[in-house]
Each structure stands twice: as structure tokens, then as C-alpha cells.
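Some notes on the structure that comes next.
What follows is calculated from the coordinates using simple rules that are stated; it is not laboratory data. Note that this is a predicted model, so its numbers are computed, not measured. We place every Cβ from the backbone using ideal geometry, glycine too, and count neighbours over all the protein chains shown.
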Amino acid sequence: MRETSFNTGKFFALIIVAVLGIFMISPFFDTGSGKKISPRLENLKDRVSLHYGLKNVNDASKNIEECQGDYYTCREGVKCNNVIYKETADAETGPANLVTSIVLDYRAFDTLGEITVLFISILGVALLMTGFPALPVKNESMIQSAGAKFLVPIIMLVGIYIFLHGHLTPGGGFPGGAVIATGFLLMFMTSGDYNFRSRRFKTVETAAGTIIVALAIAGLIFKDSFFANFLPNGRLGDLFSSFLIVIIYSLIGIKVGSELSVGLRNLYTGEKDD
Amino acid sequence: MIDNRLIYVMSLLLFLVGLYGVLTRKNILKMLVAVSIMETAANIFLIGLGYISNSSAPILSESLKQVNLLGSNISDPLPHSLVLTAIVIGVGTTALGIAIAVRLYSHYRTLNINKMGDKDEL
């Protein structure tokens, strides 16, 4: 292998970055006569996403199928009954957080793929760390162990709060699971007293994943589509509303938390060869 | 009032910073940091596509009782959900990259990519 001079490498990197930057940024300042980025997009009314906010996606898609034309001309016939916080009951989807209503209702299949990708990457971590020599856990200071005992329950509680309120506030299963995994990391780093077995985490994770897929297939049986919402939605904005989404988000939180805990454990001490 | 083009240009500049880091750094962990910067830039670009002037987050609450039928009080929720997916996948790829870096370090006893491959296997 030839050692290139450090400055030469930086020079060529700068040239590549500059050329790519000119190509990427120039379309925004183009003064040609072609079609430009539409100024209509400055309003949600001119985007398809308005129907996620008004929760009338089914009506809108039916209407557009019937009149078979341009979206902007066909949308006039869509009936709009606006949803109001703490008043509307039994809307098309339950959550007050519109992002959650997309992630777990309209595009729930996408989320299933996302969980699968995370599972496969953590599986890859476990495979790479198999047979890696386990590092001895260092003796920690008293402050570290006492602080962990004090902090870990609070961290777990915050994680559970985040994924239980995923349909009302920012957050949800993935951030909640990451917070829970942080609590477990603190426990791994402090002491050897805790008797951790990766197998238990894997059991919890597998059970959660299986129940998610079972709920999705239940939607296929009770209603007409995969991941269909077959439980009552309740009043918009209540804690006890949109039951299916709360259940699935809690399961995702448990799954992601145990999965990331196993991944961090593997990176810290290595995976034991069974 | 922010011009959307400002957000696009800033995110593209951040992407180029990450690309420069990937091209010039020799340490594997620093390369992973640069890849994370590129991911963040792509996420900011997508969020910027969903931004609407003078709008708030797409979450109904006591202060935001309903979505305006003229569609001017919330930002577009669709890019937010796509970015949620992208962030989770970014976590997965970073974890895999760190695992590979750990194995490489245990094999070659160095994180510098120029000094790897001195052993007889490669």
C-alpha cells in the first residue's frame, strides 16, 4: 500500500466536496425557464398531507378514485369534518399526535419494516461479537454504584412515560426504548451484582415482536387490511384513547428497549458462545 | 419567517462537511461520526421540506385545538414520520459499524485504516 501525502489527500477531498456542493446547491438558485419548486407548497392546503391532519384519508382516496383526475381538481368534493381536540370522538384514527397517526396507522407497514431492520442490525452486532473475549468489569467507585441505584428507576419511569404517551406528546416507542436501554447500560457499567442473562432479554423481545405481528394479522381477520384498527378509538386527546396504537407502541418500546440493551451488552462484554 | 431555501442550503453544507470527514479521516470511529453527520444533514433536509412558514408542530393540544382548514397552522407531518424511520435505521447502522470497529481493533490493535492490512492475511 502506498502512503499518500496527507496534504494531497485533503486537497483531492476538497475538490470532490466542492464539485459535489456546486452540483447540489445550484438547482436552488437556477434562473432558467424550467419548472421551479412550487410556491404552492408553502401551504398545507396544497399538500396531500392535509388529509392526515383532518383525518379523512379514506374519504379523500375514495373520492379521487371515483373522479379519476388530477388531485387538485378532485379534492373539492371531499367532505371535511374538522377534528377538534378533546371533543371529536371515534375519528378515523385516535392519536392527537398526527405523526403517530401516520407512523402506526396509515403507514404501519413501514414501521414493521423499521423494526425488522433494527432487529437485523442488532443480530449483526451479536454475530460480530460472538466469541469476543469478555472484558472483566472494573471495580467502580461508590459514587457510581450509589448514583446508578438512584438514577436507574427514574430513567426506566421516564422511558415508560414516553412510550405510553406516544399518541399525545412527542416521543413514542423508539425514543422510550432508547431511554430504557440507557438505564440498562448504566446498570451494566456499574456492577457485577446484577445477574444479567441476554437470553431473558431475547425472550422478551421475541414475545413483543410476535405479538405485534399477531395484532397486525388480527386486523386482517377482523377488518379488511393488515394493521387495520379494530379497537375503539375513544375521544381525541384522552390518555385512554386509540387503544390499538397504545398497545402497539408499548410493545415496540419493550422490544426496542430489550433489543438495544442486548446490543449494548454485546458491545460491552461480548456475546457468549452458546 | 425563514426562507425554505436557507434550510436546504444549510443542510447540504452539513452533508458536505460529513463527506469531507469521511474522505479525510483515518480513524474508523471518526469516520462513523462523519457518517452520522451526513445522516443528520439528510434528516434536516427532509424536515425542511415539511416546514411551513409560521406553523407549529403537528400535535393537537390545548393550545392548538384543531387543524386550520386553510392549512396554515401546522407543518407537514409526513416528513416527520419518514425521518423517525431514518433515525432508527441510522442507529442500527451505527451500532453495526461500531461492532466492526471493535473487531478490527482487536485484530490489528489499531484504528488507523492506513496501518491495517500489514498482517499477512491481507
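Between amide H atoms placed 1.01 Å from N, distances below 5 Å from A:H165 occur with no residue 5 or more places distant or on a separate chain.
Toward the positive end of the charge dipole of segment A:71-191, with +1 on the Cβ of Lys and Arg and -1 on the Cβ of Asp and Glu, the farthest Cα among A:S145, A:G183, A:T111 is that of A:S145. Among A:L112, A:L157, sorting on how many other beta-carbon atoms sit within 10 Å of each Cβ, with the fewest leading, yields A:L157, A:L112. In a fully extended conformation the segment linking A:F230 and A:A214 would gain 4.5 nm over its present Cα-Cα distance, using 0.36 nm per residue.
Return the subset of A:K79/A:K223; A:K62/B:K65; A:K149/B:K65 for which the Cα-Cα distance in this structure is over 32 Å, preserving the input order. The partial results should precede the final answer.
Details: A:K79/A:K223 24 Å; A:K62/B:K65 27 Å; A:K149/B:K65 41 Å.
From A:K79/A:K223; A:K62/B:K65; A:K149/B:K65, over 32 Å: A:K149/B:K65.
Counting only other chain Cβ atoms within 10 Å of each residue's Cβ, the peptide B:79-87 averages 6.
For an R0 of 51 angstrom, estimate the FRET efficiency from the Cβ-Cβ distance between A:S61 and B:K115 and round to the nearest 0.05. Calculated value: 0.30.
Looking at the square roots a ≥ b ≥ c of the eigenvalues of the Cα gyration tensor of the protein assembly as shown, which shape do they give, rounded for a/c under 1.5, prolate if a/b is larger than b/c, or oblate? Let's see the in-between values first.
Working: a/c = 2.26, a/b = 1.26, b/c = 1.79.
Here the protein assembly as shown falls in the oblate category.
Computed extension length for A:T169-A:D46: 41.7 nm, one decimal, from 0.36 nm per residue of separation with the Cα-Cα distance subtracted. Positive-end ranking of A:A18, A:L44, A:N81 along the dipole of the protein assembly as shown, with charges on Cβ about the Cα centre, is headed by A:A18.
Residue by residue along B:52-59, Cβ atoms of other protein chains within 10 Å of the local Cβ number 5 on average. Cβ crowding within 10 Å ranks A:I25, A:I143, A:I162 as A:I143, A:I25, A:I162, fewest other Cβ atoms first. In terms of surrounding Cβ atoms within a 10 Å radius of their Cβ, A:V213, A:V57 rank from fewest to most as A:V213, A:V57.
Label separation (A:L14 vs A:N81): 6.5 nm, computed from points 7 Å beyond Cα along the C-beta direction.
Computed extension length for B:L70-B:A57: 3.1 nm, one decimal, from 0.36 nm per residue of separation with the Cα-Cα distance subtracted.
By the gyration tensor of its Cα atoms, with a ≥ b ≥ c the square roots of the eigenvalues, what is the shape of segment A:38-82: rounded for a/c under 1.5, prolate for a/b over b/c, or oblate? Show your work: numbers first, answer last.
Numbers: a/c = 2.29, a/b = 1.22, b/c = 1.88.
Note, shape of segment A:38-82 comes out oblate.
Here the Karplus relation 6.51 cos²θ - 1.76 cosθ + 1.60, evaluated at θ = phi - 60°, turns the backbone of segment A:13-28 into coupling constants of 4, 4, 4, 4, 5, 5, 4, 5, x, 4, 5, 6, 8, 4, x, 6 Hz, with x for every Gly and Pro.
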